[in-house]
1. Taking segment 155-183, which residues are over 11 Å from the mean Cα position of the chain (by Cα), surrounded by 24 or more Cβ atoms within 10 Å (Cβ to Cβ) and polar (S, T, N, Q)?
2. Which one of the conditions (1) over 15 Å from Gly76 (Cα atoms); (2) within 16 Å of ligand 2 (Cβ to nearest atom) does Asp30 fail to meet, given that it meets all the rest?
3. For segment 211-228, which positions are in contact (Cβ under 8 Å) with a residue 24 or more places away in the chain and in a helix (DSSP H, G or I)?
4. Considering only residues that are part of a loop (DSSP other than H, G, I, E, B) and either within 14 Å of ligand 1 (Cβ to nearest atom) or buried (at least 22 other Cβ atoms within 10 Å of the Cβ) (or both), which ones fall in segment 190-210?
5. So, in segment 64-90, of the ones that are surrounded by fewer than 17 Cβ atoms within 10 Å (Cβ to Cβ) and outside any loop (DSSP other than H, G, I, E, B), which residue ends up farthest from the chain's Cα centre (by Cα)?
6. Just for segment 144-189: of the residues that are of a type outside the set (A, V, I, L, M), outside any strand (DSSP E or B) and in contact with a His (Cβ under 7 Å, 6 or more places away or on another chain), which one is nearest to ligand 1 (Cβ to nearest atom)?
7. When the residues of segment 158-214 are filtered to those that are under 20 Å from Ala94 (Cβ atoms) and either in contact with a Cys (Cβ under 9 Å, 6 or more places away or on another chain) or among the polar types (S, T, N, Q) (or both), which remaining residue is farthest from ligand 2 (Cβ to nearest atom)?
8. Does Val112 qualify as being more than 16 Å from ligand 2 (Cβ to nearest atom) and either of a type outside the set (Ser, Thr, Tyr) or free of Cβ contacts under 8 Å to residues at least 24 places away in the same chain (or both)?
Amino acid sequence: MGKIAPGVHVVDGVGTEGRPGTVNVCLLIDGDDVTLVDAGYAGSGAHVAAYFELIGLDPGAVRRIVITHHHQDHTGGLAEAVELTGAEVWAHVADAGFIDGSVSRPAPPPAVVAQMPPGAAQRPPTRPVPVRLALVGGEVLGVLGGCRIIHTPGHTPGHLSLLLPELSLLIAGDMLRYEDGHVRRPPEMYGWDLGVAEETIHAVAGLEFERMLPYHGEYLGSQASEAVRRDLRLE
Ligand SMILES: [Zn+2]
Ligand SMILES: [Zn+2]
């Protein structure tokens, strides 16, 4: 996808098995201060490295990797990304234990296993990575005019989204998707607490943002918060 807004890039080529480019690992570039948001499945490090080369950016400029939540499609490539960049890892305190390995990840429910793509069962286990900064939500990262870190629980206990008011952009993680011209809730079978997720979506739908980048699906480049309210019937 490449550059979607000033200082915001979606790393080309990161995807799920056999489907390159299907997830949106992104970069926030503010001069020499670079933030990577999520890290893709195991094996994504090569795509991240290639993208840095493509845009002529030194991976060592990445100061932090913000993880929206602990799921393996976001953290499988995290150890590789840390090795590539030397950056520290930030995540919400409620998901940090799954990422650093101090808490075992819950086994996926049978409905999830049944839908896994071929080869997923053979995927290498996600390598634990130390979390340097455990977030709680409400922090503001001083890049691109201020990036608000919002605790958006439900999909996982410690799910985070990022709001960049200057760009009117919400980086939604797995809280919401945008597919086939419609904003959608994520598949229920992947969710931790659907009631909490719904409360979160209602709260976020009360914000105003022009653009939304979900992790799965397409980038929604205009009238995004209106589309959230309309498509999810929250008006
Ligand atoms: Zn997820
Ligand atoms: Zn995901």
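Read the figures in this text as sums done on the coordinates, not as results from a lab. Source: prediction; values computed, not measured. Please note: Cβ atoms are built from the backbone with ideal geometry, for glycine as well, and neighbour counts cover all protein chains shown.
1. Thr156
2. (2)
3. Hits for segment 211-228 are Ala224, Ser225, Ala227, Val228.
4. The first filter runs over segment 190-210 and keeps only residues part of a loop (DSSP other than H, G, I, E, B), leaving 191-193, 206-210.
Gly191, Trp192, Asp193 - these are the residues of segment 190-210 that are part of a loop (DSSP other than H, G, I, E, B) and either within 14 Å of ligand 1 (Cβ to nearest atom) or buried (at least 22 other Cβ atoms within 10 Å of the Cβ) (or both).
5. If we take residues in segment 64-90 being surrounded by fewer than 17 Cβ atoms within 10 Å (Cβ to Cβ) and outside any loop (DSSP other than H, G, I, E, B), then Glu83 is farthest from the chain's Cα centre (by Cα).
6. Asp174
7. Leu163
8. Here the answer is no, as Val112 does not meet what is asked.
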